[in-house]
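The values are calculated or read from the model by the stated rules, or taken from the named source; none is laboratory data. Keep in mind the model is a prediction, meaning the values are calculated, not measured. Note that each Cβ is placed from the backbone with ideal geometry, even for glycine, and that neighbours are counted across all protein chains shown.
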Ligand SMILES: *[C@@H]1O[C@H](CO)[C@@H](O)[C@H](O)[C@H]1NC(C)=O
Ligand SMILES: *[C@@H]1O[C@H](CO)[C@@H](O)[C@H](O)[C@H]1NC(C)=O
Ligand SMILES: *[C@@H]1O[C@H](CO)[C@@H](O)[C@H](O)[C@H]1NC(C)=O
Ligand SMILES: *[C@@H]1O[C@H](CO)[C@@H](O)[C@H](O)[C@H]1NC(C)=O
Ligand SMILES: *[C@@H]1O[C@H](CO)[C@@H](O)[C@H](O)[C@H]1NC(C)=O
């Protein structure tokens, strides 16, 4: 009995081990995704968690520790990387107490509730050159304070500390990945950070953006941005790089090796392709890039400098975010593999060849099938039209208008209607938001044409959303009273 029981135990243990190995392998070939929340009308957190699970995402990266979102991830089995926004770095660097409070409120509480938090990313691309060095002095001390706070909370082994870095913290003077090193102006700082990562076993998180390379450099070879081979490969000693993703990844690997840190693992914190707002941002290119990436990851081939090693990456992004800053470009609001409402934009097989396609969010509640458009008899030369469009687009999202965008084919009246509708939906179809001094009217006939979608808003779900809408409406009416319109 005892022996039999023992054998049964061994068999069971072996079965579990096999299962765990398979899961680990699947997980390595699985994919993470970034869940951003800069939307006027975010889907309910529980809807998004179900969307993640339905699509087989096993890891998620958050930019902020929002209670509602972490609560919804409870018991989901999804591993979580929680970000700390840059504007908190200075406080966290200056005060161990502030770091302890942050860990208590934003990690310990949720871990105790059953949220599988694995990483804290202290800062989001803090060393971007556009920040002019604002966060150079505070990022590393903040990481150290958060680490110490996690240790004293008894979470030091379970939750690792890292920082999400933009890929311009490393570079190669020759353009060959094997010459990779950290940027000269922050070299010493980077070595301190990498030493910290190495001693705690935390990964180096870097964001890799072939789309931005293409956007920034009109001479960038288009096919080198994708994964189907390139007519302009980079030859580096015995290795030929056919895509910029591998070259970028290996530039970092080379920088780590050159500086004596061969064992620090690389995690790609953000990688993706937008679908609108620029000539190279469209569903076909996004599908080509993301499917190429997913197949590359699923192939298990690794990169030339790390052959056979799993590529660990988080797609950017889950859904479009209509409140993102468009300072980098109009494409910023269109990185989602799903639209704002959780509808897939294109076919994507998440588990490499032979996997299932993207499935939409379930149970999404929309406002009525009603749109706001310019009255057919309105005079485009009327000064009020231009003013109204400026107002609507200043408050709502008009980034699908413009050269080679999804609504780039609209005529002048169509443009105005698009702007009016965008505003009207953002204001939850409030009648007063479809007036524009008598220029606008509602319709139940969908004005969408071809690739241009006139959206219907999703129903407000939280008081937060209502408050934002109420505030925007208040501003609108204040301007109205002030005679702006
Ligand atoms: C927890 O994180 C949220 C979101 O970043 C932040 O607003 C809050 O201040 C944090 N709590 C503490 C105690 O630091
Ligand atoms: C960085 O400096 C430039 C030029 O001085 C300035 O235009 C920009 O606003 C600064 N950015 C930040 C984030 O401080
Ligand atoms: C960072 O520290 C250096 C040296 O103490 C100082 O010169 C610099 O002004 C600081 N930068 C910021 C943004 O605080
Ligand atoms: C890297 O890991 C290998 C294998 O575990 C080990 O032999 C080597 O000493 C490590 N190198 C460093 C620099 O830590
Ligand atoms: C429509 O609006 C876009 C963006 O403002 C502009 O580039 C385009 O020229 C407009 N089209 C017409 C026909 O007015």
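Checked against (1) modelled with pLDDT of 95 or more; (2) in a loop (DSSP other than H, G, I, E, B); (3) more than 16 Å from residue 449 (Cβ to Cβ), residue 401 meets all criteria but (3). Of all the residues that make up the range 78-101, how many are away from ligand 3 (no atom under 16 Å from the Cβ) and out of contact with any helix residue (DSSP H, G or I) (no Cβ under 8 Å at 6 or more places or on another chain)? Qualifying residue count, the range 78-101: 6. In this structure, does residue 126 turn out to be touching a residue at least 40 places away in the same chain (Cβ under 8 Å), crowded, with 22+ Cβ neighbours inside 10 Å and more than 26 Å from residue 97 (Cα to Cα)? Taking the combined requirement at face value, the residue does not satisfy it.
Conditions tested, residue by residue: (1) outside the structural domain of residue 258 (by TED's automatic domain parsing); (2) buried (at least 17 other Cβ atoms within 10 Å of the Cβ); (3) closer than 16 Å to residue 88 by Cβ; (4) in contact with a strand residue (DSSP E or B) (Cβ under 9 Å, 6 or more places away or on another chain).
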site: 109; (1), (2), (3), (4): no, no, no, no
site: 130; (1), (2), (3), (4): no, no, no, no
site: 152; (1), (2), (3), (4): no, no, no, no
site: 161; (1), (2), (3), (4): no, yes, yes, yes
site: 169; (1), (2), (3), (4): no, yes, no, yes
site: 180; (1), (2), (3), (4): no, yes, no, yes
site: 199; (1), (2), (3), (4): no, no, no, no
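Here is the figure for the range 105-133: residues that are within 16 Å of ligand 3 (Cβ to nearest atom) and closer than 13 Å to residue 62 by Cα total 1. Applying the criterion of being in a loop (DSSP other than H, G, I, E, B) and touching a helix residue (DSSP H, G or I) at 6+ places or on another chain (Cβ under 7 Å) to the residues of the range 406-420, the residue that is farthest from ligand 1 (Cβ to nearest atom) is 410.
Looking across 415, 421, one residue alone is touching a strand residue (DSSP E or B) at 6+ places or on another chain (Cβ under 8 Å) and either outside the structural domain of residue 63 (by TED's automatic domain parsing) or away from ligand 3 (no atom under 16 Å from the Cβ) (or both). It is 421.
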